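All remarks here apply to the structure that follows.
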Amino acid sequence: MGNSLLGQFYLNDIMGLKVSQEKYLLMRKNKIKKITANSTEADGSSSKGFILNQELQTDGKKMVTEIANFSSPPEKISNIYELSKLKRTIVNKSSIETKTDYGYDEKGFLNKIISTTIDSLQKTPISETHLWYYQPNGIPIRMIKLGDGLDTVNVEFVADSSGHIIEEYWFKKGKKIETYYYYYTNNQLTDVVRFNIKANRLIPDFVYDYNQQNQLISMLQVSFNGSAVIHWTYTYNLNGLRETETARDKEKNIIAKIIYSFEKQ
């Protein structure tokens, strides 16, 4: 779960921000200054060109992440925090820079995301805005997506009696264009599902599993037609920091493994 403005809006905007915030606060709590990672291939050899470094700077108000691998250009992500809340993300990759600003209401709920992408080769910025609206009890009820030259997308949410979002509907020009279903066990999100027309059935995009400490220990990532599956498993140290990530294919063969190490202040 990341900060992408694509895909399921509740998953990416609300849940993605929550996961990012929890990791940031966990690093601060454990006085972690820097996280580095090594990646190995299925045969145990080191992944060629792989780089993943994450460092807290400016007295913990800025987190800089550097990512690279053999198949794609380097990427630099800078997260800026105010009062321990994410306020801005700047992503630089090749000639493209994307700035994303986060706004919050007086109760601390996310109410606005503004993302602007500039390609230095094209010079024309592209912007996208997400406006979030809540019930008095803090449960999301609606989101409006605005974009340069694009039709407005209205997204509505349905919650269960416990306040969990269980359905997400997209509307464009009054027509329903997409529906996602969210399922929970013990208050943890376990499945994100949508209807596949070709298969004529509901197919999950993601399936999650947790341990007794409510830590994510498994994630199934399914392609839209259901033909490709990647199974991620995770382990943690005693402080709750993620130590390993292992990816396997549908036949449970290891694709890659990432091992994290930590440097304290």
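The values are calculated or read from the model by the stated rules, or taken from the named source; none is laboratory data. These figures come from a predicted structure and were not determined experimentally. No Cβ is skipped: glycine too gets one built from the backbone with ideal geometry, and neighbour counts run over all protein chains shown.
Selection over the range 194-229 of residues that are at pLDDT below 95 and β-branched (V, I, T) gives a count of 4. Contact annotation: residue pairs with Cβ atoms under 6 Å, 6 or more positions apart or on different chains, pairing a residue in the range 157-185 that is touching a residue at least 40 places away in the same chain (Cβ under 8 Å) with a partner that is of a type in the set (K, R) and surrounded by 14 or more Cβ atoms within 10 Å (Cβ to Cβ), are Y180/R194.
Check the range 144-160 and report whether any residue there is modelled with pLDDT of 95 or more and touching a helix residue (DSSP H, G or I) at 6+ places or on another chain (Cβ under 6 Å). Looking through the range 144-160, at least one residue is modelled with pLDDT of 95 or more and touching a helix residue (DSSP H, G or I) at 6+ places or on another chain (Cβ under 6 Å). Of all residues in the range 134-153, which are of a type outside the set (A, V, I, L, M, F, W, C) and loosely packed, with under 15 Cβ neighbours inside 10 Å? Those that are of a type outside the set (A, V, I, L, M, F, W, C) and loosely packed, with under 15 Cβ neighbours inside 10 Å: Q135, P136, N137, G138, R142, D148, G149, D151, T152. Do the conditions hold for K107, that is, is it under 24 Å from R28 (Cβ atoms), out of contact with any His (no Cβ under 9 Å at 6 or more places or on another chain) and not acidic (D, E)? The answer is yes for K107.
Can you tell me which residue within the range 206-225, out of those that are among the aliphatic types (A, V, I, L, M) and closer than 11 Å to V193 by Cα, is surrounded by the most Cβ atoms within 10 Å (Cβ to Cβ)? Step by step, filter the range 206-225, then rank; the result is V222.
If the condition is being at pLDDT 95 or above, within 18 Å of G44 (Cβ to Cβ) and of a type in the set (D, E), then the range 244-265 contributes only E245. Within the range 133-154, being over 18 Å from K172 (Cβ atoms), in contact (Cβ under 8 Å) with a residue 24 or more places away in the chain and not in a loop (DSSP other than H, G, I, E, B) holds for Y134, P140.
The residues of the range 55-71 that are farther than 17 Å from V91 by Cα and touching a Ser or Thr at 6+ places or on another chain (Cβ under 9 Å), listed by number, are G60, F70. If the condition is being in a loop (DSSP other than H, G, I, E, B) and either surrounded by 13 or more Cβ atoms within 10 Å (Cβ to Cβ) or touching a helix residue (DSSP H, G or I) at 6+ places or on another chain (Cβ under 7 Å) (or both), then the range 68-123 contributes S84, D105, F109. Of the residues T98, T124, the single one that is modelled with pLDDT under 95 and either in contact with a Ser or Thr (Cβ under 6 Å, 6 or more places away or on another chain) or more than 23 Å from K172 (Cβ to Cβ) (or both) is T124. Being exposed (fewer than 15 other Cβ atoms within 10 Å of the Cβ), in contact (Cβ under 8 Å) with a residue 40 or more places away in the chain and aliphatic (A, V, I, L, M) is a property that A37 lacks. Filtering the range 231-253 down to residues that are hydrophobic (A, V, I, L, M, F, W, C) and surrounded by 15 or more Cβ atoms within 10 Å (Cβ to Cβ), which residue is nearest to K34 (Cα to Cα)? Selected residue: L241.
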